[in-house]
Ligand SMILES: Nc1nc2c(ncn2[C@@H]2O[C@H](COP(=O)(O)OP(=O)(O)OP(=O)(O)O)[C@@H](O)[C@H]2O)c(=O)[nH]1
Ligand SMILES: [Mg+2]
């Protein structure tokens, strides 16, 4: 354990008897918030750390490992300053990965100084140590303006260069889907979505079951996988497969119209032991992927079925696909009239949360939200 001059504690070596499977590092304000969410959910075989140029944010975090970057007064919204400060702390950042995890998740909000500038540097450090490195990043909502989006996209490019795979959350999509939330709660929602994606990936590599997806499978899928498309959904009851798949395919995480053409796809289904998966249910999942999503034998499908007692009567489906091109917005829309219109451009979250079929046909529910819009026009 090392005391820094600014009394933020750095303790890079946790317990090196058993290296953690995953280390999750949050960089900057948003990155730190996401890590806080995941940390509070109490995952096993995972270690956590936050890095920030903002000393106050570090003080407020209950994540046990903290690295203060620079003098603790922030990066002033400037990614170049964020990068410069991180470079000066390269030794501390290197030490962070001393416990030799198999995978590192680097979370950051893109568009300002620390996450955008220092995030890719932290990722590069993990990758240079031979660790399978995945970025979980979010793009700023339109309300933050064109300049932030420009910085965010440059940061995304740096993230792509310095990771094996990147999961992108478009905060504006979250705002559109949950447009009756306060800004505070909408950002929290975006945090939750990134945290759920990270947790779902942690489950894949840490949980065991009848059909386990092992680390080698994950490496095959993600090593130099580029942009990763993730979808995650849960449901219980008689129609749990159709509903869980529908929730997954309507996830704000899905930034492209279809899963067809994916190079590799990890498909992980989890239930509790009492509510085990039936073989016909697995077929139903495969049929939805084939018939509604156009996924064919050209995709290397790696299937997992694992047990999680915490799920109770729910079933969860996680899809991690590579080789697709997510539709990343390059421009913000400042069409405020459209944004404030009661007929918002995207379906509302009642539909996403799947309260029965509502006013949508079953056929409708099988379209990803992104595609459904075009489909309905
Ligand atoms: N999901 C989510 N996004 C956030 C949150 N806070 C900020 N953001 C987004 O993330 C982007 C970066 O913001 P921060 O993470 O606060 O910035 P930073 O990386 O700490 O950078 P500096 O403060 O300039 O050093 C912003 O443009 C927002 O769009 C949050 O709590 N949750
Ligand atoms: Mg900050």
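The values are calculated or read from the model by the stated rules, or taken from the named source; none is laboratory data. Because the structure is a prediction, the values reported are computed rather than measured. Here the Cβ positions follow ideal geometry from the backbone for every residue, glycine too, while neighbour counts run over all protein chains shown.
What number of residues in the stretch 137-156 are more than 12 Å from residue 79 (Cβ to Cβ) and more than 7 Å from ligand 1 (Cβ to nearest atom)?
7
Whether any residue in the stretch 113-121 is over 26 Å from residue 196 (Cβ atoms) and assigned to a loop (DSSP other than H, G, I, E, B) is what I want to check.
yes
Identify, please: which residue in the stretch 91-112 is within 29 Å of residue 171 (Cα to Cα) and assigned to a helix (DSSP H, G or I) and is, among those, farthest from ligand 2 (Cβ to nearest atom)?
Ranking the candidates gives 96 first.
Before we move on, is residue 203 surrounded by 18 or more Cβ atoms within 10 Å (Cβ to Cβ), in a helix (DSSP H, G or I) and within 16 Å of ligand 2 (Cβ to nearest atom)?
Taking the combined requirement at face value, the residue does not satisfy it.
Have a look at 324, 282 and point out the one that is assigned by TED's automatic domain parsing to the domain that holds residue 251, touching a helix residue (DSSP H, G or I) at 6+ places or on another chain (Cβ under 9 Å) and not in a strand (DSSP E or B).
282
Filter the stretch 74-84 down to residues that are near ligand 1 (Cβ under 9 Å from one of its atoms) and assigned to a helix (DSSP H, G or I), then give me how many there are.
3
Test each condition in (1) free of Cβ contacts under 8 Å to residues at least 60 places away in the same chain; (2) more than 23 Å from residue 321 (Cα to Cα); (3) in contact with a helix residue (DSSP H, G or I) (Cβ under 8 Å, 6 or more places away or on another chain); (4) part of a helix (DSSP H, G or I) for residue 185 and report the one that comes out false.
(3)
Write out, first by first residue and then by second, each pair whose Cβ atoms fall under 7 Å of each other, whose residues are 6+ apart or on separate chains, and whose first residue, in the stretch 144-157, is more than 20 Å from residue 27 (Cα to Cα) while the second is within 16 Å of ligand 2 (Cβ to nearest atom) and in a helix (DSSP H, G or I).
Sorted first by the residue in the stretch 144-157, then by its partner, the list stays empty.
Which condition number in (1) more than 10 Å from ligand 1 (Cβ to nearest atom); (2) under 19 Å from residue 47 (Cβ atoms); (3) touching a helix residue (DSSP H, G or I) at 6+ places or on another chain (Cβ under 8 Å) is the one that residue 177 fails?
The failed condition is (2).
Give the residues of the stretch 62-90 that are surrounded by fewer than 19 Cβ atoms within 10 Å (Cβ to Cβ) and within 12 Å of ligand 2 (Cβ to nearest atom), sorted by residue number.
Once the filter is applied, which keeps residues that are surrounded by fewer than 19 Cβ atoms within 10 Å (Cβ to Cβ) and within 12 Å of ligand 2 (Cβ to nearest atom), the stretch 62-90 yields 73, 76, 77, 78, 81.
Any chance you could count how many residues in the stretch 125-136 are surrounded by 22 or more Cβ atoms within 10 Å (Cβ to Cβ) and either within 15 Å of ligand 1 (Cβ to nearest atom) or without any contact (Cβ under 8 Å) to a residue 12 or more places away in the chain (or both)?
2
Looking at 224, 300, 287 in this structure, which one is farther than 22 Å from residue 166 by Cα, surrounded by fewer than 20 Cβ atoms within 10 Å (Cβ to Cβ) and either assigned by TED's automatic domain parsing to the domain that holds residue 326 or in contact (Cβ under 8 Å) with a residue 24 or more places away in the chain (or both)?
287
Could we say that residue 172 is within 13 Å of ligand 1 (Cβ to nearest atom) and over 19 Å from residue 225 (Cβ atoms) here?
Criteria met by residue 172.
Pull out all pairs, ordered by first then second residue, where Cβ-Cβ is under 6 Å, the residues are six or more apart or on different chains, the first lies in the stretch 43-65 and is more than 22 Å from residue 199 (Cβ to Cβ), and the second is modelled with pLDDT under 95 and surrounded by fewer than 19 Cβ atoms within 10 Å (Cβ to Cβ).
Listed by first residue and then by second, the contacts come to 58/8.
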